[in-house]
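Quick notes on the structure that follows.
The values are calculated or read from the model by the stated rules, or taken from the named source; none is laboratory data. Since this is a predicted model, take the numbers as computed values, not measurements. With ideal geometry, Cβ positions are generated from the backbone for all residues, glycine too; neighbour counts draw on all protein chains shown.
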Amino acid sequence: MRIVIVGASRFGTATAAHLTEAGHEVVVVDRDADKLQTLSDEVDAGLLEGDGSLPTVLRDAYGDGADALVLLTNVDDVNILAALVGRSVGYPRVVPQIVRKELLAVCEELGLEHLITPHATVARSIARTLETRHDSALDLRSHRGFDVLGYRVGERHDGARLADLELPEATRAVAVARGSGDELVTDETRLKNGDLLIVAVASEAQEQMNELFPSDED
């Protein structure tokens, strides 16, 4: 298959590497020339510098034909816009990454059927782990009104220890998704720009978490 990936994020780079190793032809689009240069040293893929939400750029990436467009920037809104533009350009399949749960209904209304929801994927494995950890400070089975949500780590928290974040009391950070893998966290876990921090959050603490991890922070 020929697959176009918009976003040379950690997740985008890991996905491109996996697809090329599996024998697929991959083109990666990103506005940041430095990111593309770094990726060129790691992955044997085509590279295109430009705004992946613009029709002209997506047409260039489409070339003589592409099987899928995968949107893996760190901004949900950009992924949704690029998916809609890609669909109008002619990509037979568009697959945006969506982190914010409140946007899933919007995607459904827009007819975006194929989504990458990393927080939900990681949450399934986390939930199984939490159910077997009797020393857990937060037993999800005994509380109502909790959601397992993903928060994108921005530059302000790059390099911070989890213990230094001062998360709201009614939360428990349980894992971090980094690249194509994920791991459970401890107070000593150091976060990196671009990580997806998976947190069990009570409904009353979600506003505080949104302020700590604003959705428009790259």
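Of all residue pairs spaced 6 or more apart or on separate chains, those with beta-carbon atoms under 6 Å, a first member in the stretch 147-158 that is under 8 Å from K192 (Cα atoms) and a second member that is assigned to a strand (DSSP E or B) are V153/L197. In the stretch 72-91, the residues that are more than 11 Å from L54 (Cα to Cα) form Cβ pairs under 6 Å with partners that are in a helix (DSSP H, G or I), at six or more places apart or across chains, as follows: L72/F11; L72/G12; T73/N79; D76/L103. Tell me which residues, restricted to the stretch 83-134, are at pLDDT below 60 and more than 23 Å from A177 (Cβ to Cβ). H134 - this is the single residue of the stretch 83-134 that is at pLDDT below 60 and more than 23 Å from A177 (Cβ to Cβ). Scan the stretch 155-173 and give yes if some residue there is in a strand (DSSP E or B), modelled with pLDDT under 85 and over 18 Å from R100 (Cβ atoms), otherwise no. Yes, that holds for at least one residue. Within the stretch 80-95, the set of residues being surrounded by fewer than 19 Cβ atoms within 10 Å (Cβ to Cβ) and either under 19 Å from the mean Cα position of the chain (by Cα) or of a type in the set (D, E) (or both) comprises L81, L84, R93.
Tell me yes or no: at least one residue of the stretch 38-46 is among the β-branched types (V, I, T) and either touching a residue at least 24 places away in the same chain (Cβ under 8 Å) or assigned by TED's automatic domain parsing to the domain that holds N193 (or both). Break it down stepwise before answering.
Filtering the stretch 38-46 for residues among the β-branched types (V, I, T) gives 38, 43.
This time we only want the ones that are either touching a residue at least 24 places away in the same chain (Cβ under 8 Å) or assigned by TED's automatic domain parsing to the domain that holds N193 (or both), so: 38, 43.
Yes, the conditions are met somewhere in the stretch 38-46.
So if I check each of V57, V6, which one is within 18 Å of the chain's Cα centre (by Cα), outside the structural domain of L197 (by TED's automatic domain parsing) and at pLDDT 95 or above? Give the derivation first.
Values: V57 fails: within 18 Å of the chain's Cα centre (by Cα).
From the options V57, V6, the qualifying one is V6.
Scanning the stretch 159-200 for residues that are of a type in the set (S, T, N, Q) and in contact (Cβ under 8 Å) with a residue 40 or more places away in the chain, we see that the one that is surrounded by the fewest Cβ atoms within 10 Å (Cβ to Cβ) is S180.
One residue stands out in the stretch 43-87 among those that are touching a Leu at 6+ places or on another chain (Cβ under 8 Å) and assigned to a loop (DSSP other than H, G, I, E, B): the one that is nearest to R2 (Cα to Cα), namely A45.
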